[in-house]
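The values are calculated or read from the model by the stated rules, or taken from the named source; none is laboratory data. The structure presented is a predicted model; accordingly, all values stated were derived computationally and were not measured. Virtual Cβ from ideal backbone geometry, glycine too; neighbours counted across all protein chains shown.
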Amino acid sequence: MQPLFRLNPRQQHILWATVQRYVATAEPVGSRVLVQEYNFDVSPATVRNTMGSLEKSGLLYQPHTSAGRVPSDLGYRLYVDQLMQPAATLGEQVESLLGAELGWGSWSFEALLREAAQILSNLSGYLALITVPQTSKALVRHLQLVQVDQGQVVMIVLLDSLITQSVVVKLPPADDDTTISEDTLSSELQILSNFLTEHLRGQSLSEVAAIGWSSLDWEFRQYAEALGQAIDDLARRTAGPTPTQLVVSGLAEVLRQPEFSDAQQIQAIVHLLEEDSPQLWPLFFESPTDVEGQRVRVWIGSENPIEPMQNCALVSSTYGRNSLPLGSVGVLGPTRMVYENAVAIVSAAADHLSEALS
C-alpha cells in the first residue's frame, strides 16, 4: 500500500509542473525554470524550498549535487493517482483512427491486433503490447467447411473472441462408391456449414464435442463421425490454459527515448518480450495499487516485480466480451512517460476492441 500524502495546493502545483517539465525535456528541473515557465507568483527561493520538502517526502530527488530535481517513482505515482487528467481529445482521436483503419470484416483477429498495436505505438511513441484472447473461454460464432482436396475439407471455426481455429476433416467415401461432383459437394458443404453454425453458435468447443453427432439430420449423417472427431481434436487443443500470444509493436519508437540508449537494458527488455513474456501476464491483469474499480492499471518503475522493467512504466487495460476479460492492451515506456496520453490511448483502444468483440 502506498503512503498517504496530503500536499497543499502549492506543493501539488510544483510537483505537477516538475513532472510536466521533466517529461518534456529529460533534464533535471530547477526552481528558476519553473517560475519562468509556469507563472508561479512566488520567488525561485520559495519554489526551491517547496521542492526540498517534496524531496524529503521522497517525491523528488537530485541526480547529483547542484542539479535540479527529478520525479521519483513515488512522485510519478502521486501524479498519476491525484494530479493528472487523461487527454480526452486524444482518446477520441484514437477511437476514430482505430475505427477508420481496422477492417473488422477480416477472419484474422490476430492480424487486426497487429494493426492496432502499430497504430498505438505510432501514436504513443512507446511499445504497444496486446495479448491475443484465450480460446478456452470463447464460444462458437460461425463454422465453415471448405474443400481443399479430394475427400478432404477444412473446418474453420470462428470463435466469438474473433480467433479462428481450423482442422482438416477426412470425408468418408460414398456408400455406393459414386463420385460426387465438386459443385454438389460444395453445395452440400455450404448447407452443412449453415446448419452447424445455427445449431452450435453460442457453445464452447468442449460443449460442442460432447453433443451426439449421430443426431444430425439424415442427409448429413454420413459426416457425423468425421465431424465429431474434428471438433474433439479442436476441443482438446484449446482446453485449459494455453500460452498467451503477445503482439508487440514499436521497438523503434521506444529506442528514441534517451532512457533506452543503453544497449544492455534494451536487450533485457527484448529478451523479456520474446522469451519470458509469461512473466508479464500478472501485470496486465493485476494492479500495483489498491484503487477500487480501477480500470486502467499503471505500473511505475520499482513497482514492477520484473527487474528489466524497473526503469519502465506499463499502462494497461483489459478488453473483452460483456464483463468477461479476454485480453489486455497496453503501452510500455520509460517512467518519464506522458501518462495523460498513455492512459487515454490505452483506455480508448480497450474500449474499441471490446466493442468489436461484442
Would you mind finding the one in Ser249, Ser187, Ser193, Ser181 that is at pLDDT below 80 and out of contact with any Cys (no Cβ under 6 Å at 6 or more places or on another chain)? Ser181
Give, as residue ranges, the helices (runs of 4 or more DSSP H) completely inside region 236-349 that count at least 1 residues that are surrounded by 22 or more Cβ atoms within 10 Å (Cβ to Cβ) and touching a strand residue (DSSP E or B) at 6+ places or on another chain (Cβ under 8 Å). 251-254, 281-285
Please specify each residue of region 52-68 satisfying the condition of being modelled with pLDDT under 95 and under 14 Å from Arg21 (Cα atoms). Gly68
Considering only residues that are surrounded by 12 or more Cβ atoms within 10 Å (Cβ to Cβ) and touching a Leu at 6+ places or on another chain (Cβ under 8 Å), look in region 94-105 and name the one that is modelled with the lowest pLDDT. Trp104
Hey, can you tell me all the residues within region 79-93 that are in contact with a strand residue (DSSP E or B) (Cβ under 9 Å, 6 or more places away or on another chain) and surrounded by 18 or more Cβ atoms within 10 Å (Cβ to Cβ)? Tyr79, Val80
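Residue-wise test of (1) assigned by TED's automatic domain parsing to the domain that holds Met337; (2) in contact (Cβ under 8 Å) with a residue 24 or more places away in the chain.
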| residue | (1), (2) |
| --- | --- |
| His13 | no, yes |
| Thr18 | no, yes |
| Tyr22 | no, yes |
| Leu34 | no, no |
| Val42 | no, yes |
| Lys56 | no, no |
| Ala67 | no, yes |
| Leu98 | yes, yes |
| Glu110 | yes, yes |
Can you tell me which residue is nearest to Asp232 (Cα to Cα) among those in region 151-178 that are over 30 Å from the mean Cα position of the chain (by Cα) and at pLDDT below 75? Pro172
Out of region 29-63, which residues are of a type in the set (A, V, I, L, M) and either in a helix (DSSP H, G or I) or within 23 Å of Asp81 (Cβ to Cβ) (or both)? Val29, Val33, Leu34, Val35, Ala45, Val47, Met51, Leu54, Leu59, Leu60
